[in-house]
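The structure appears below as structure tokens.
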Amino acid sequence: MPELSINGERHELAASVGTSLAHYLREDLGLTGTKIACNEGHCGACTVQVDGVPILSCITLVHTVEDREVTTIEGLRDHPMVNSFVRSDALQCGFCTPGQIVSATALVAAIPRPSSEEIKHAMSGNLCRCGAYPKIEEAISTWQD
Ligand code: FES
Ligand code: FES
């Protein structure tokens, strides 16, 4: 049986061929922190990390991440970025927020103090229909405070 690792835990992969990673996380494992909005790779709501790199889980087949390390928002609950989003009031409806935080933590793992341009570039795939972008940038630039 193929396996993959989710937030440090090994899981046997029994999903049928063609199942998206987002569907597998939400429906098979109950990890509903990962959101599905467009389901077409346009909005970033479904962002998770695979080996530390942000990817869109709605357009990623779960069998393509066998033996890789997947990190979801549930695996980042103790990351200081979460509190930084709260401190900066960086959300309104909150639907995009898990994906925003997943992308933001990958960014600061690579660049701990990103510039405004680096933040805009790294976060450009995460849309926020509520327009919370200025606060999201503030949260990312102050996450270590
Ligand atoms: S739900 Fe995956 S990119 Fe929109
Ligand atoms: S906070 Fe509502 S979509 Fe971003």
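The values are calculated or read from the model by the stated rules, or taken from the named source; none is laboratory data. Every value quoted in this text rests on a predicted model; they were computed, and no experiment measured them. Cβ: placed from backbone, ideal geometry, glycine included. Neighbour counts: every protein chain shown. These area figures cover heavy atoms from the full protein model, side chains too; ligands, DNA and RNA do not enter into them. Shrake-Rupley method; radii C 1.70, N 1.55, O 1.52, S 1.80 Å.
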Taking the Cα-to-Cβ direction at Cys130 and at Val17 and moving 7 Å from each Cα, how far apart do the two end points lie in nm? 4.2
Sum of side-chain charges, Met1 neighbourhood, beta-carbon under 13 Å (Lys, Arg +1; Asp, Glu -1): -3
For the stretch 1-116, with every protein chain kept in place, what is the accessible area per residue (1.4 Å probe, Å²)? 48
I need the helices of the chain that pass two filters: whole DSSP H segments spanning 18 Å or more by Cα along the axis, and mean Kyte-Doolittle score no lower than 1.0. 97-110
Rounded to the nearest 20 Debye, what is the dipole magnitude of the stretch 1-135 about its Cα centre when Lys and Arg each give +1 and Asp and Glu each give -1 at the C-beta? 640
Take the stretch 77-141, compute every pairwise Cα distance, and split them into 5 Å bins from 0; I just need the percent in each bin. 4, 20, 35, 28, 11, 2
The chain: D in µm²/s via Stokes-Einstein (Kirkwood Rh, Cα pairs, 37 °C, 0.692 mPa s)? 216
The stretch 1-65 - percent of accessible surface contributed by carbon and sulfur, probe 1.4 Å: 49
Rounded to the angstrom and largest first, Cα extents along the principal axes for the stretch 3-75 equal 28, 24, 20
So how far apart, in nm, are the two label points at Glu27 and Glu117 if each is 7 Å from Cα heading toward Cβ? 4.4
Estimate the FRET efficiency between Arg10 and Cys38 by the formula 1/(1 + (r/R0)^6), using the beta-carbon distance for r and 22 Å for R0, to the nearest 0.05. 0.10
Using θ = phi - 60° and the Karplus curve 6.51 cos²θ - 1.76 cosθ + 1.60, what whole-Hz ³J(HN,Hα) does each residue of the stretch 39-48 get, with Gly and Pro shown as x? 6, 9, x, 10, 10, x, 4, 9, 4, 10
Expressed as a whole percentage, what fraction of the accessible surface of the stretch 77-141 belongs to carbon and sulfur atoms when a 1.4 Å probe is rolled over the protein heavy atoms? 57
